[in-house]
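This report refers to the structure that appears directly beneath it.
The values are calculated or read from the model by the stated rules, or taken from the named source; none is laboratory data. Remember, it's a predicted structure, so these values are computed and weren't measured experimentally. Neighbour counts are summed over all protein chains in view; Cβ atoms, including those assigned to glycine, are modelled from backbone coordinates with ideal geometry.
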4 protein chains.
Amino acid sequence: RGKLFLIGGPCVLESETHARTMAAAIHRITSDLGVPYIFKASYDKANRTSIRSYRGPGLVEGCRILAAIAKDTGLPVLTDVHTPEDCPRVSDALGEAELFLQIPAFLCRQTDLLIAAAETGRAINIKKGQFVAPSDMKHAVQKVRDSGNQRVSLCERGASFGYNNLVVDMRSLPIMREYAPVVFDGTHSVQTPSAGDGVSGGQPQFIPVLARAAVAAGVDGVFLEVHDNPAQAKSDGANALHLDNLKGVLEQLLAVHAAVSPR
Amino acid sequence: RGKLFLIGGPCVLESETHARTMAAAIHRITSDLGVPYIFKASYDKANRTSIRSYRGPGLVEGCRILAAIAKDTGLPVLTDVHTPEDCPRVSDALGEAELFLQIPAFLCRQTDLLIAAAETGRAINIKKGQFVAPSDMKHAVQKVRDSGNQRVSLCERGASFGYNNLVVDMRSLPIMREYAPVVFDGTHSVQTPSAGDGVSGGQPQFIPVLARAAVAAGVDGVFLEVHDNPAQAKSDGANALHLDNLKGVLEQLLAVHAAVSPR
Amino acid sequence: RGKLFLIGGPCVLESETHARTMAAAIHRITSDLGVPYIFKASYDKANRTSIRSYRGPGLVEGCRILAAIAKDTGLPVLTDVHTPEDCPRVSDALGEAELFLQIPAFLCRQTDLLIAAAETGRAINIKKGQFVAPSDMKHAVQKVRDSGNQRVSLCERGASFGYNNLVVDMRSLPIMREYAPVVFDGTHSVQTPSAGDGVSGGQPQFIPVLARAAVAAGVDGVFLEVHDNPAQAKSDGANALHLDNLKGVLEQLLAVHAAVSPR
Amino acid sequence: RGKLFLIGGPCVLESETHARTMAAAIHRITSDLGVPYIFKASYDKANRTSIRSYRGPGLVEGCRILAAIAKDTGLPVLTDVHTPEDCPRVSDALGEAELFLQIPAFLCRQTDLLIAAAETGRAINIKKGQFVAPSDMKHAVQKVRDSGNQRVSLCERGASFGYNNLVVDMRSLPIMREYAPVVFDGTHSVQTPSAGDGVSGGQPQFIPVLARAAVAAGVDGVFLEVHDNPAQAKSDGANALHLDNLKGVLEQLLAVHAAVSPR
């Protein structure tokens, strides 16, 4: 097994300054620990529970910020796409940057989106739908591969287990690793989807627990939404990891990863 | 309570001839029984499990067929939309026809899709996601209403209950009826989503059971995918209702509906 | 199909006076409606969430009350058994009365309990465990039949669907009817099992909805815990049907039953 | 955190010779690795799916074998109890041996069983029911403590997640550890409960995955059913760990445990 990598950053681009601050702060921690790092932020939250919630700066401005951060830091960046049309636009806007396109969980079966993302030639990270069996994700991988793109990974973020609750079935990790590299999303996995009041809750106290478990089960990378002030985050603050805790969590994960890696 | 209506037809447009035949056959049955009828067929199956499955004739040709059927029969028609861009195109193509735009279950939280559909002014039928609590559907309804469109209905089609299985929680019907009229989808509710071999299965023997139960619980309409040869259907044949059984099922449903309607 | 019967009464025997009052009140309603009626009450609630909750008068005193009610009213009676030793003791105590022994849902796989109950020769009603697939109940039926007792019925009362929530999968009714007559428990099906505070909640507003749905799907009888003052009930008051609502609910169920019965 | 302990052995006592062989073989491995070891075997499988399956030698003969093994090896032993009456009988039969009484998952809410087990003064291991929320297990612990017995542990073995499938929610481990020490059952967690053919299946390939994950999440001990010939085991062979794999699995678990233990 190789090095455990991190995909991390704020849920949504709140401002260029905030994104740059977060990227720099996380980069410093991952550099110290020798963890390969991909900066993550969304330019649009396209499926908020409520129509009134903040969605982000939009594709054009969001990609400008991402490209600027990529250029200035040399970091790879990852962002979500929501329609086939978005894919070439985002890819073009990021130009020279090393870009990962992410397929949101609800959209993991939308064939045109997967094909359009694949055809950009960028690396694709597909989140497993909360309603999809792990073994069914091989079809999502196949949609990308059949479009001529071999750089595809899968991401576990919990399965619907009753209403307004997600459970991570750790068996999904080895099952999906038969198809592609697997990333564990430790922050959306502790989300408690909208309980009817229009805002999703979260249980950030379980982020280290589930992330350690996933790394022990075996994954290639970890996805964590990190914020310097979760209570004020413009999206998904309830399940974000506080920046102050990132170093400690990563140290735990590296220790577990070392324990399960062949010498 | 008013008359129980039917949304029915083949899953996907297989050919103009087939669609016309199905519409005519179903129309004859519903006319005999006094059931208001909306013809249903998709021009594109955008989330097939496998990239190799049949998807349909596409938006342009599909809408041409739907418009022709609407014109010749006078029937309202319903079809799925998958991206915001689809919505005005479909609405324009259907012109004078009475059109219902349907939001697929996986996409029921995509804000832009709901807004674009709402802004056509057409009636909107939102399928409840397999991962969504009934009470959360009020936010989907609100997204349509806030866009200035009051003609919105909700559709129950089962919730993820373990892998590759759906369960209908009949409590969802009265819960969602507090927000909008509710339709029960009796054929997707008996689907057994892809078990890893790339094709979804079904249990059509339970269609009458669940549909009777839903009508007894209380709904405004019923959605049924009907085919004259399910074994040869190009999509979702495994859970389709055979045309030969439609009359018998509708008679049962009308009897139950009468039993639970105030005199 | 035959007449729809009712198993009904308070969850637990609170006092002889209360039990007699409830039996008489329910009997009056069922007689008026022509519904065959079995009086139900438990002498011991053996699996309360909290050790501090009321459990009942115990086997000896409880059976004395049940026998007295059976004798004075001529009604059949039903009560729960929890260990193999209970079975002959309860059966003997009830003597001439027409007695149904009920196997609680949590205990539906305890082989010795099923055998001991079967060996009394009394009719056996087995509740389906919240963790058991409908098709697995054929093995429970077989345990009774292999013990020489053919009088066995099955009872649906909801399946675990996430934490502290139950969902009724109406498909279970026709599946289990292939093995034995089926009863729908309309009051435990709306229970919300202990959410950590040591008391189970309930949603009695959904009793008529689910009971109508189950009768429309097709059952032989209905089980309802009825109380004249649910707020003060000593067990399961949160999901009990108020006595004042019984007549109305039964009238709805009879109308639905007639609608789905062959003429 | 202390040393990670193992509860292990065959599901059921197949014969004295077999039990002695298994105890010795496992003891050798755990001694080499410095793992505290409790021998586990059941004298009666009281809830087999089918009435025709093997149940064991019974209480008297089973306890004789367990006592003999305890005496000759000095090992603590653990066995299941199923009725209140069993508890003092088993406790008395084991005499001087260090005995753990285990409450089966289906029975974890049976108040009398918990009290009778507690009153023996023996250590109690309560399996979490497949239908119970982790936070509700505090009531089971309280039933034991209120009976004057403070030596109680809880055991995770998966939650019902759809029919015939179990999922381990790793959040349950820290939740339950607030109430008592927690053991992770790595073999029943990979069980696929009876799919209607009267025999439960299993996925032993996931035992190391889930056990590593649980140890990384944080537990006090691990429970593993171990057999030298799973294909011929008289109970639960489909989900047993092969004896040949025990050493390798334990080595992995110790490495993970060390990685997550404070230095």
What single numbered condition from (1) closer than 22 Å to D:Pro193 by Cβ; (2) of a type in the set (A, V, I, L, M); (3) without any contact (Cβ under 8 Å) to a residue 40 or more places away in the chain fails to hold for D:Val12? (3)
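Kindly establish whether B:Asp244 is of a type in the set (Asp, Glu) and assigned to a helix (DSSP H, G or I).
Numbers: of a type in the set (Asp, Glu): yes; assigned to a helix (DSSP H, G or I): yes.
Criteria met by B:Asp244.
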Could you say whether any residue in segment A:61-69 is over 17 Å from the mean Cα position of the chain (by Cα) and farther than 21 Å from A:Thr21 by Cβ? no
Condition check for B:Ser200: under 20 Å from A:Ala105 (Cβ atoms) and hydroxyl-bearing (Ser, Thr, Tyr): yes
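Please verify whether B:Asp80 is crowded, with 23+ Cβ neighbours inside 10 Å, among the charged types (D, E, K, R) and farther than 16 Å from A:Leu113 by Cα, treating the condition exactly as stated.
Yes: the conditions hold for B:Asp80.
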Of residues in segment B:226-247 being of a type outside the set (S, T, N, Q) and out of contact with any helix residue (DSSP H, G or I) (no Cβ under 8 Å at 6 or more places or on another chain), the one farthest from B:Tyr54 (Cα to Cα): B:Asp244
Meets criteria (at pLDDT below 95 and buried (at least 16 other Cβ atoms within 10 Å of the Cβ)) for D:Thr49: yes
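I'd like to know if segment D:34-44 contains one or more residues that are polar (S, T, N, Q) and over 16 Å from the mean Cα position of the chain (by Cα). Before you say what the answer is, go through the steps one by one.
Taking segment D:34-44 and keeping what is polar (S, T, N, Q), we get D:42.
Filter again for over 16 Å from the mean Cα position of the chain (by Cα), leaving none.
Scanning segment D:34-44 turns up no residue that is polar (S, T, N, Q) and over 16 Å from the mean Cα position of the chain (by Cα).
Check whether at least one residue in segment C:49-63 is of a type in the set (Val, Ile, Thr) and not in a helix (DSSP H, G or I), and report yes or no. Quick ask: steps written out before the conclusion?
Restricting attention to segment C:49-63, the residues satisfying the condition of being of a type in the set (Val, Ile, Thr) are C:49, C:51, C:60.
Next, only the ones that are not in a helix (DSSP H, G or I) stay: C:49, C:51.
Yes - at least one qualifying residue is present in segment C:49-63.
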In segment D:178-214, the residues that are out of contact with any helix residue (DSSP H, G or I) (no Cβ under 6 Å at 6 or more places or on another chain) and more than 26 Å from A:Val219 (Cα to Cα): D:Glu178, D:Pro181, D:Pro193, D:Ala195, D:Asp197, D:Val199, D:Ser200
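Somewhere in segment A:157-174, is a residue among the aromatic types (Phe, Trp, Tyr), surrounded by 22 or more Cβ atoms within 10 Å (Cβ to Cβ) and closer than 20 Å to A:Leu253 by Cβ?
Let us first name the residues in segment A:157-174 that are among the aromatic types (Phe, Trp, Tyr), namely A:161, A:163.
Applying the additional criterion that residues be surrounded by 22 or more Cβ atoms within 10 Å (Cβ to Cβ) yields A:161, A:163.
From what is left, the residues that are closer than 20 Å to A:Leu253 by Cβ are none.
No, segment A:157-174 contains no residue that is among the aromatic types (Phe, Trp, Tyr), surrounded by 22 or more Cβ atoms within 10 Å (Cβ to Cβ) and closer than 20 Å to A:Leu253 by Cβ.
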Kindly evaluate D:Lys247 against the criterion of being touching a strand residue (DSSP E or B) at 6+ places or on another chain (Cβ under 8 Å) and of a type in the set (Lys, Arg). no
Could you check how many residues of segment A:52-76 are surrounded by 15 or more Cβ atoms within 10 Å (Cβ to Cβ), free of Cβ contacts under 8 Å to residues at least 40 places away in the same chain and β-branched (Val, Ile, Thr)? 0
Boolean, D:Asp236 is buried (at least 20 other Cβ atoms within 10 Å of the Cβ), within 9 Å of another protein chain (Cβ to nearest Cβ) and not basic (Lys, Arg): no
Give the residues of segment B:203-221 that are under 25 Å from B:Gly56 (Cα atoms) and surrounded by 22 or more Cβ atoms within 10 Å (Cβ to Cβ), sorted by residue number. B:Ile207
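Only one residue in A:Ser135, A:Ser147 is hydroxyl-bearing (Ser, Thr, Tyr), touching a helix residue (DSSP H, G or I) at 6+ places or on another chain (Cβ under 8 Å) and touching a residue at least 40 places away in the same chain (Cβ under 8 Å), so which one is that? Break it down stepwise before answering.
On the way: A:Ser147 fails: touching a residue at least 40 places away in the same chain (Cβ under 8 Å).
Residue meeting the stated conditions: A:Ser135.
When you go through A:Gly186, A:Gly218, A:Gly248, A:Gly196 one by one, which is the residue that is at pLDDT 95 or above, of a type in the set (Gly, Ala, Ser) and at positive phi?
On the way: A:Gly186 fails: at positive phi; A:Gly248 fails: at positive phi; A:Gly196 fails: at pLDDT 95 or above.
When all the criteria are applied, what remains is A:Gly218.
Can you find, within segment C:155-177, the residue that is farthest from the other protein chains (Cβ to nearest Cβ) among those that are in a loop (DSSP other than H, G, I, E, B) and of a type in the set (D, E, K, R)?
Let us first name the residues in segment C:155-177 that are in a loop (DSSP other than H, G, I, E, B), namely C:157-158, C:161-165, C:168-171.
Of the ones still in play, those that are also of a type in the set (D, E, K, R) are C:157, C:169, C:171.
Numbers: C:Arg157: 12, C:Asp169: 5, C:Arg171: 5 Å.
In this case the residue turns out to be C:Arg157.
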Pick from C:Asp44, C:Asp112, C:Asp92, C:Asp32: which is touching a Leu at 6+ places or on another chain (Cβ under 7 Å) and surrounded by fewer than 24 Cβ atoms within 10 Å (Cβ to Cβ)? C:Asp44
Every residue from segment D:124-149 that is surrounded by fewer than 21 Cβ atoms within 10 Å (Cβ to Cβ), of a type in the set (Gly, Ala, Ser) and either more than 11 Å from chain C (Cβ to nearest Cβ) or part of a loop (DSSP other than H, G, I, E, B) (or both): D:Ser147, D:Gly148
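So which of A:Leu224, A:Leu243 ends up being under 17 Å from the mean Cα position of the chain (by Cα) and surrounded by 20 or more Cβ atoms within 10 Å (Cβ to Cβ)? Give the steps one after another, and end with the answer.
On the way: A:Leu243 fails: surrounded by 20 or more Cβ atoms within 10 Å (Cβ to Cβ).
Going through A:Leu224, A:Leu243 in turn, just one is under 17 Å from the mean Cα position of the chain (by Cα) and surrounded by 20 or more Cβ atoms within 10 Å (Cβ to Cβ): A:Leu224.
How many of the residues making up segment D:186-213 are facing another protein chain (nearest Cβ under 7 Å) and of a type outside the set (Phe, Trp, Tyr)?
Just the residues of segment D:186-213 that are facing another protein chain (nearest Cβ under 7 Å), to begin with: D:194, D:196, D:198, D:206, D:209-210, D:212-213.
Narrowing further to those that are of a type outside the set (Phe, Trp, Tyr): D:194, D:196, D:198, D:209-210, D:212-213.
Counting residues in segment D:186-213 that are facing another protein chain (nearest Cβ under 7 Å) and of a type outside the set (Phe, Trp, Tyr) gives 7.
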Output the number of the condition that B:Phe131 fails; it satisfies all remaining conditions of (1) within 26 Å of B:Asn245 (Cα to Cα); (2) over 16 Å from the mean Cα position of the chain (by Cα); (3) among the hydrophobic types (A, V, I, L, M, F, W, C). (1)
Failed condition for A:Glu16, given (1) over 15 Å from the mean Cα position of the chain (by Cα); (2) surrounded by 19 or more Cβ atoms within 10 Å (Cβ to Cβ), with all others met? (2)
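Just the residues that are touching a residue at least 60 places away in the same chain (Cβ under 8 Å) and either closer than 24 Å to A:Ile175 by Cα or part of a loop (DSSP other than H, G, I, E, B) (or both), please, taken from segment D:194-225.
Taking segment D:194-225 and keeping what is touching a residue at least 60 places away in the same chain (Cβ under 8 Å), we get D:194, D:198-200, D:215, D:218-225.
Selection gives D:Ser194, D:Gly198, D:Val199, D:Ser200, D:Val215, D:Gly218, D:Val219, D:Asp220, D:Val222, D:Phe223, D:Leu224, D:Glu225.
Can we say B:Asp146 is under 26 Å from B:Tyr43 (Cα atoms) and over 16 Å from the mean Cα position of the chain (by Cα)? Break it down into steps so the answer makes sense when it comes.
Working: under 26 Å from B:Tyr43 (Cα atoms): no; over 16 Å from the mean Cα position of the chain (by Cα): yes.
So B:Asp146 fails the test.
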Test: B:Gln252 is in contact with a Lys or Arg (Cβ under 7 Å, 6 or more places away or on another chain) and in contact (Cβ under 8 Å) with a residue 12 or more places away in the chain: yes
Can you spot a residue in segment D:23-36 that is away from chain C (no Cβ under 14 Å) and in a strand (DSSP E or B)? no
